[in-house]
Amino acid sequence: MEFKPLELFYEQKKKAKETSEQYRKKVAGAKEKLDELKQQYEEALLEQVRDGVDHSKRIAQLDAGIMQAEKDVELASKEEIIASRVASEAIMGPLDLAAAWNGEYVPAFKKEKLEPVLQQLLEAKRALSEANLAYHNLKREFESKRSDVRYAVADTHYYKFNDAMLSTQSEKERYFLTERQLEKLERGEGI
């Protein structure tokens, strides 16, 4: 049985991860550009002071570029935060997944798969119980008849009348469930 909300949950997580990565890269790119502009600014300023070369136009342009780059970094950072928040408020959150599991999947699973198996178990239990009772009724019937015959011959040949019922442990284990076998079945093992 499929559980489609889980597929939706994974799709959303994947999309959220991709979106987060996209905005993380955008922030990193904006910071990298800002760092480049700051380095160029420092180099131009250093060259102007050290060598006496007039870079005032270039410095003004870099200064404006730095201000814009700082705004770009700030905007990209805010976008990253908002994207993260939006991703965490996805359509299918963990509680929604649990609600779908408990409200849809579990009842459907029980109805489609578990109930037929439980019905088989009940039928098997009933058949085992009926067969067990039939065996013990036969045992009582047999013992009653054997007792009558033994009584007729008295004590002299009492031991000559064999038992027809299960008498050895291996015979009993073949036809009846032992405690060990029941424990194995309980653990989901075969017997």
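What percent of all Cα-Cα pairs in the stretch 120-186 falls into each 10 Å bin, going from 0 up to the bin containing the maximum distance?
17, 37, 26, 14, 6, 0
Using only alpha carbon pairs under 8 Å that are at least six residues apart, calculate the relative contact order of the chain and give it in whole percent.
Reported relative contact order: 23 percent.
Go through 10-23, 151-164, 59-72 and give me the packing order, highest mean Cβ count within 10 Å leading. Write out the running numbers ahead of the final one.
Values: 10-23: 13.1, 151-164: 9.5, 59-72: 15.3.
Sorting 10-23, 151-164, 59-72 by mean packing, highest first, produces 59-72, 10-23, 151-164.
Could you name the lysines whose alpha carbon sits less than 18 Å from that of residue 78, not counting residues in the same chain fewer than 8 places away?
17, 25, 26, 31, 33
Whole number please: convex hull volume per residue, Cα atoms of the chain, in Å³.
Values: hull volume 33.2 nm³, N = 191.
Convex hull volume per residue, Cα atoms: 174 Å³.
On a 0 to 90 degree scale, rounded to 10, what angle separates helix 56-88 from the longest Cα axis of the chain?
20
Can you spot the aspartates and glutamates whose alpha carbon is less than 17 Å from residue 113's alpha carbon? Ignore those fewer than 8 places along the same chain.
By straight Cα distance, residue 113 reaches 2, 104, 123.
If the cut-off is a Cα-Cα distance under 20 Å, which aspartates and glutamates reach residue 145, setting aside same-chain residues fewer than 8 apart in sequence?
Answer for residue 145, where 20 Å is the Cα cut-off: 155, 163, listed by chain and number.
To test your reading of the geometry: what angle, between 0 and 90 degrees and rounded to tens, separates the Cα axis of helix 115-153 from the longest principal axis of the chain?
Taking the Cα atoms of the chain, the angle to 115-153 is about 20 degrees.
Report, in listed order, any pair from 4/111; 4/125; 15/111 with a Cα-Cα distance greater than 29 Å. Could the numbers behind the result be given before it?
Numbers: 4/111 18 Å; 4/125 36 Å; 15/111 34 Å.
Check vs 29 Å cut-off fails for 4/125; 15/111.
No value in this document is a laboratory result; all are computed from the given coordinates. Since the model is a prediction, treat every value here as computed from it, not as a measurement. Using ideal geometry, Cβ is built from the backbone for each residue, glycine included, and neighbour counts are taken over all protein chains shown.
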